[in-house]
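> If you scroll down you'll find the structure; I have some questions about it.
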Amino acid sequence: MNSPAPRALIAEDEPLLAAALQQELARAWPDLQVVATVGDGLSAVRQALALQPDVLFFDIRMPGQSGLDAAVELADAWPTDGPTGRPFPALVFVTAYDQYAVQAFEAQAVDYLLKPVQAGRLQKTVQKLQLALTSKAPAAIDLEATMAQLRHLLVAPGVAAPAPASAPAAASSVPAASAPLTLIQASSGSQIHMVPVADVLYFEAADKYVRVLTAAREYLIRTPLKDLIGQLDTQVFWQIHRSTLVRASCITTVSRDEAGKLHLELAGRPEKLPVSRLYAHLFKAM
Amino acid sequence: MKIDWIEKLQHLLQVVAFSLAIAALHYAFRPDKPYDIPARYSLAIGTLIWAIIDFGRHFFPSSEGRGWPTGLAAFLLPVSGVVLGYVGGTTLGDWWCGISSWEEGGRSQLRASIGITLLAGSLGTYYFYTKSKSAWLHAKVNEVRSQASEAQLKLLETQLEPHMLFNTLANLRMLIGTDPVRAQEMLDRIIGYLRATLSASRSTQHPLENEFDRLRDYLELMAVRMGSRLAYTLDLPDALRDVPVPPLLLQPLVENAIRHGLEPQVDGGHITVRASTQPGDSGPLLVLEVSDTGAGLPASLPTPGPGQSFGLAQARERLATLHGSAGTLHLIARNEGGTSATVTFPLKSSPNP
């Protein structure tokens with residue numbers, strides 16, 4: 001088969017380790033062309049979109065954003081249709097020893113490498129990748145499967161959030177399942193507004209704040225979205241994007257644009273909310 | 001209220017034996033009287049006193065844990081147990097033997113049995129009280145012991161964090177092939193770091209100079225890993241080199257500065273560790289400051305929990321143990337961005353300039 005040489009992107013914040021992986025790859029897979037090496041999670045997405053490689057090696061712990069978040073963002077922005085649409089790259093996560101992460105990767109059948117990367121282990125990964133690249137399924141199916149894996153990894157302890165220091169206390173990293181939040185206390189100037197959660201239509205993360213939107217107005221709070229998720233009823237508020245939690249009962253329509261992306265319209269708010277591909281599975285006609 | 005019925009049965013048997021022994025003693029002094037009548041009274045009174053006290057203590061919330069109530073109840077419980085047990089036990093004995101102790105004829109007998117009851121009641125109460133107290137103390141000692149070893153294990157676990165260890169080894173593995181001289185330097189740093197970590201729990205003080213050497217080992221290791229993203233300055237005035245400090249006190253602060261300050265930033269940053277003195281109310285104070293130009297403090301600090309802010313909690317605890325309220329640790333957001341952690345405690349032996 002005379003397909004063009006496979007191309008790879010390495011995202012690893014430690015320069016020596018990036019060089020080491022590249023060196024090992026040169027030995028294990030001489031055909032592979034490493035098109036770029038980046039040192040943070042933001043450049044990883046940018047470069048991957050620009051270069052559209054076949055294989056991604058993403059370190060988990062990186063500045064900017066984690067390898068996992070970078071993969072999610074990339075999957076969301078990946079062009080699937082049109083002449084530029086290439087299959088979503090094969091993902092390999094690279095991590096230093098972490099029992100929880102390894103368990104999560106195994107459970108989701110996600111390819112991973114442990115640092116220090118060893119030749120024998122890398123050889124196996126390379127064989128799997130070569131096989132996957134020659135029998136490439138249509139892009140859409142690939143992306144769907146990757147999404148399902150990422151969705152599971154996002155909630156796995158030790159992958160998305162750092163694993164707790166003491167091993168058996170894994171459950172304690174999850175916010176305490178206490179009584180759900182009923183009131184949001186939002187300060188503005190010298191006042192604190194008491195906003196009933198029942199009035200909130202959606203929450204949206206914006207920089208250092210979270211915007212709280214009711215039908216009438218908007219408030220800002222400092223509690224991070226990921227902390228709010230733990231305190232809200234997930235049946236009532238659905239996560240539809242990394243930065244958006246929406247009240248499911250006030251969604252009126254879901255529409256798909258030309259690029260295949262979903263948007264929500266809400267009763268009581270004029271704006272349209274984009275749905276991440278990661279959460280598109282929530283919206284299917286019965 | 002959780003009642004251990006096996007233990008209660010043991011107590012009951014002990015009380016029965018004790019009551020029979022008292023009756024036997026009574027019989028030894030008064031062989032002219034029958035044995036069975038005092039034995040019946042003794043059994044009735046003894047068992048009743050025991051039942052009131054031993055079951056009664058479970059009704060006081062303060063006896064949870066120690067097994068004995070605190071405050072006024074600690075005194076009232078045995079007294080009311082003895083009084084009620086005596087009256088009730090005597091009535092029960094009367095009914096059992098068909099005698100009436102409360103009428104004229106029984107008065108002298110009553111006086112004798114009051115004395116015996118008081119003596120035996122106090123003895124029995126004292127016996128069970130010390131027994132439950134020593135069991136409680138024993139459990140407490142075990143608990144403290146296991147807490148101490150757990151804290152030590154946790155400390156070791158944070159210092160030999162797998163992520164740090166394996167990433168460092170991965171770097172070393174690379175260097176061995178490409179730059180053996182640097183690899184040897186790095187290995188020496190690892191050795192220094194491991195030696196300090198493993199012996200930190202054994203020695204209580206070391207000179208500030210050594211503390212700074214260990215920080216340099218750690219920062220050098222991190223510099224190999226982070227490349228140009230990490231820059232650092234260690235500032236130790238000569239006059240303060242020999243000041244004794246608890247080993248690896250600053251280590252968790254520097255680790256935090258890297259992990260929460262520099263690592264999340266794409267461009268990294270600078271860490272400064274500075275030692276200085278400052279006049280205090282009762283003599284000069286040693287001021288150790290770890291500052292970084294990193295991401296800064298989050299809007300809401302994570303609540304201390306397993307794995308979170310253990311470094312800070314542990315440094316605070318060590319300061320409190322050594323210097324009480326005179327040792328402080330302040331964590332502040334710097335105006336120019338980043339975070340600064342300052343440890344202050346009395347400079348015990350003022351160094352000669």
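Only the coordinates and a few stated rules stand behind these numbers; no lab work does. Here the structure is a predicted model, which is why all the values come from computation and not from measurement. Here Cβ is always computed from backbone atoms with ideal geometry, including for glycine, and neighbour counts include all displayed protein chains.
> In nm, give the distance between the simple-model label positions of B:Q205 and B:W102, each being 7 Å from the Cα along the Cα-to-Cβ direction.
Computed distance between label sites B:Q205 and B:W102 equals 7.3 nm.
> Another question, if that's okay. So, in nm, how far is label A:K272 from label A:Q235 when the simple model puts each one 7 Å beyond its Cα toward the Cβ?
3.2
> Rounded to the nearest 500, what is the protein assembly as shown's calculated 222 nm mean residue ellipticity when only DSSP H runs of at least 4 contribute -39500 (n - 2.57) each, over all residues?
Estimated from H runs of four or more residues: -15000 deg cm²/dmol.
> Expressed as a whole number of Å, what is the distance separating the alpha-carbon centroids of region B:43-78 and region B:220-250?
A separation of 59 Å, based on Cα centres.
> Between helix A:139-155 and chain A, what is the angle of the helix's C-alpha long axis to the longest principal axis, kept within 0 to 90° and rounded to the nearest 10?
It is inclined by approximately 60 degrees.
> Taking only Cα atoms and a 10 Å spring cutoff, compute GNM fluctuations for chain B and point out the largest among B:V343, B:V87, B:V245.
For chain B, modelled as a Gaussian network with Cα springs under 10 Å, the answer is B:V87.
> Average the reciprocal distances over every distinct pair of alpha-carbons in chain A, invert the result, and give the Kirkwood radius in Å.
20.8
> Which is farthest toward the positive dipole end of region B:5-147 among B:V141, B:I99, B:T47, measuring Cα position about the Cα centre, with Cβ charges +1 (Lys, Arg) and -1 (Asp, Glu)?
Highest projection toward the positive end goes to B:V141.
> Quick one: which residues, 5+ away or cross-chain, put their amide H under 5 Å from the amide H of A:L220? H built at 1.01 Å from N.
Residues meeting the amide H criterion: A:V212.
> Continuing with the same structure: For A:Q33, enumerate residues with amide H under 5 Å from its amide H, sequence gap 5+ or separate chain, H modeled in the peptide plane.
A:R7, A:A8
> Magnitude of the Cβ-charge dipole of the protein assembly as shown, K/R +1 and D/E -1, about the Cα centre, nearest 20 debye?
1180
> Quick one: work out the % antiparallel among DSSP beta bridges in region B:160-281, nearest 5.
So the antiparallel bridges in region B:160-281 amount to around 25 percent.
> Return the equivalent ellipsoid semi-axes of region A:183-282 as a descending list in whole Å, where each equals the square root of 5 times an eigenvalue of the C-alpha gyration tensor.
Taking √(5λ) for each Cα gyration eigenvalue gives 24, 14, 12 Å.
> Taking the Cα centre of chain A as origin, work out the dipole magnitude from +1 charges on Lys and Arg Cβ and -1 charges on Asp and Glu Cβ, in debye rounded to 20.
Magnitude of the dipole: close to 200 debye.
> Can I ask one more? Enter the Cα centre distance for the pair region A:28-96 and region A:208-243, rounded to the nearest angstrom.
29
> Under the √(5λ) rule applied to the eigenvalues of the Cα gyration tensor, what semi-axes describe the equivalent ellipsoid of region B:160-346? Give them in Å, descending.
Result for region B:160-346: semi-axes of 27, 20, 16 Å.
> Quick one: compute the contact order of chain B, relative version, from alpha carbon pairs under 8 angstrom and 6+ residues apart, as a percent.
10
> Say R0 is 60 Å: what FRET efficiency, to the nearest 0.05, do A:M286 and B:H138 get from their beta-carbon distance?
The value I calculate is 0.40.
> With bins 20 Å wide starting at 0, give me the P(r) of the protein assembly as shown over every alpha carbon pair, in whole percents.
15, 33, 26, 17, 9, 1, 0
> Kindly flag which residue pairs out of B:K133/B:K154; A:K226/A:K261; A:K208/A:K272; B:K2/B:K154 have an alpha-carbon separation exceeding 26 Å in this structure.
From B:K133/B:K154; A:K226/A:K261; A:K208/A:K272; B:K2/B:K154, over 26 Å: B:K133/B:K154; B:K2/B:K154.
> What order do you get for B:I99, B:I6 when you list them from fewest to most C-beta neighbours inside 10 Å?
With the fewest neighbours first, B:I99, B:I6 line up as B:I6, B:I99.
> Mind checking the dipole of region B:5-147: about its Cα centre, +1 per Lys or Arg Cβ, -1 per Asp or Glu Cβ, Debye to the nearest 20?
Around 440 debye, computed over region B:5-147.
> Considering only DSSP beta bridges with both partners in the protein assembly as shown, what is the antiparallel share in %, to the nearest 5?
70
> If you don't mind, there's one more thing I want to ask. Helix A:15-28 sits at what angle to the longest principal axis of chain A, using alpha carbons and giving 0 to 90 degrees rounded to 10?
Rounded to the nearest ten degrees, it is 50.
> I'd like to know which of A:V275, A:V254, A:A198 lies farthest towards the positive end of the charge dipole of region A:183-282, counting +1 on Cβ of Lys and Arg and -1 on Cβ of Asp and Glu.
With unit charges placed on the Cβ atoms, the residue in question is A:V275.
> Further question: Can you give me the distance in nm between label points at B:I332 and A:Q99, each placed 7 Å from the Cα along the Cα-to-Cβ direction?
4.1
> While we're here: State the antiparallel share, in %, of DSSP beta bridges confined to chain B, rounding to the nearest 5.
80
> For A:Q127 and A:S243 in one chain, what is 0.36 nm times their gap in residues minus the Cα-Cα distance, to one decimal in nm?
Length difference between fully extended and current span is 38.1 nm.
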